[in-house]
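Structure first, commentary second.
Each value in this text was obtained by applying a stated rule to the coordinates, not by laboratory testing. Bear in mind that the values here come from a model prediction, so they are computed numbers and not experimental data. Cβ atoms come from the backbone with ideal geometry, glycine included; neighbour counts cover every protein chain shown.
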Amino acid sequence: MRERLPKLLLDVWEAADMLSIGRSKLLALTYEGKIPSLKIGRRRLFPVEGLIAWTKDQMIDPSARSVVEAAPESVLPVAPIGVLEQWRLDALDRKRVLEEEREFHDH
């Protein structure tokens with residue numbers, strides 16, 4: 001029997017369940033550009049790594065971030081470097097720019 005590989009993309013229901021939010025809220029956040037997704041045909045799919053990165057970005061307490069980062073590798077999906085890695089780098093870039101803007105406005 002073949003070993004089943006972890007999913008890289010989730011459908012709307014799976015992604016909403018993973019984030020413990022409703023489907024409508026997930027789609028609203030997606031259409032606002034806050035949660036990454038892609039369309040294949042008529043289906044909207046959500047990269048697991050993108051959902052994990054978005055969740056980390058939502059955490060306010062820096063010590064809480066380590067909970068997600070310390071998760072066993074068996075829990076986190078393994079994805080090839082490519083589109084997901086580029087999305088993560090883009091997200092980090094956006095986060096850095098927002099932090100710089102906040103620092104500028106605070107002074």
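A few comments on the model shown:
- Segments 6-15, 47-56 sorted - mean Cβ within 10 Å per residue, highest first: 47-56, 6-15
- Nitroxide proxy distance, nm - points 7 Å out along Cα→Cβ at THR30 and ARG102: 2.8 nm
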